[in-house]
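Chemist: Have a look at this one before I ask anything.
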Amino acid sequence: MSIWPEVLLPVPCSPVRCAMGRAAGVQCGQEPADREQPRTRKARLLFLNEHRAPIRRDGWAHMWARMITNANRQLAATHERAHAAWVRKGRPDGKQPKLLRVPAGTTMHDLRHFYASLLIKHRENVKTVQKRLGHAKPSITLDTYTHLWPDDEDTTRAAGDAVLGDVPPLCPAKLA
């Protein structure tokens with residue numbers, strides 16, 4: 001059983017959409033006889049509203065604004081607690097907590113890129129990142145994120161440091 005609910009979505013049929021549907025593995029056939037009852041297919045949705053109904057595009061901006069407001073409220077509360085603890089410790093220099101906020105203009109797409117970079121930083125392979133992001137092919141993932149994966153020089157240098165990092169030098173240090 002999947003944690004994501006399956007929701008029936010209407011799939012209006014047209015010659016172009018039918019061709020696209022067949023390419024994506026969706027069988028939609030001809031234009032439905034009754035336009036009020038379009039054919040449907042199951043799709044897994046990530047974002048549902050409080051009534052477990054899919055979030056429509058027109059309501060997304062309002063929901064996103066609420067999420068940003070709630071995140072900033074929680075960040076402010078965390079800052080207040082950290083600031084109070086800093087004051088109790090006698091206000092040590094350089095230790096004053098900073099108020100963090102969600103940057104203005106942050107979009108869901110920015111969070112998607114953040115998630116991908118997080119997976120890559122923690123050494124997930126291309127196939128795993130591709131599946132998590134829902135890309136059709138690993139090449140799409142690589143085209144977008146290849147600069148984030150460490151190159152061969154980085155990995156071989158790290159491997160050498162891991163093996164030889166604690167070995168003392170054999171030559172004595174030069175005296176200046």
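Chemist: Report the calculated FRET efficiency for H122 and L75 (r = Cβ-Cβ distance, R0 = 22 Å), to the nearest 0.05.
Modeler: The formula returns an efficiency of 0.40 here.
Chemist: If I histogram all Cα-Cα distances within segment 92-146 using bins 10 Å wide from 0, what percent of pairs lands in each bin?
Modeler: So the P(r) values, bin by bin, are 20, 39, 20, 14, 6, 0.
Chemist: With a cut-off of 8 Å between alpha carbons and a minimum separation of six or more residues, what is the relative contact order of segment 70-176 in percent?
Modeler: Reported as a whole number, the value is 17 percent.
Chemist: Under the 0.36 nm per residue contour assumption, what length would be gained going from the current alpha-carbon distance of V163 and D143 to full extension?
Modeler: 3.9 nm
Chemist: Starting from the Cα of D151, step 7 Å along the direction of its Cβ; do the same at E50; then give the gap between the two resulting points in nm.
Modeler: 5.2 nm
Chemist: Would you mind working out the accessible area per residue for segment 68-176, using a 1.4 Å probe, and quoting it in Å²?
Modeler: Roughly 82 Å² per residue, with all protein chains present.
Chemist: In 5 Å bins starting at 0, how do the alpha-carbon pair distances of segment 41-146 split up by percent?
Modeler: Taking every Cα pair in segment 41-146, the percentages come to 2, 9, 14, 13, 14, 16, 14, 8, 5, 4, 1, 0, 0.
The values are calculated or read from the model by the stated rules, or taken from the named source; none is laboratory data. For clarity, every value in this text was computed on a predicted model and none was experimentally measured. With ideal geometry, Cβ positions are generated from the backbone for all residues, glycine too; neighbour counts draw on all protein chains shown. All accessible areas refer to the heavy atoms of the entire protein, side chains included, with ligands and DNA or RNA removed. Shrake-Rupley method; radii C 1.70, N 1.55, O 1.52, S 1.80 Å.
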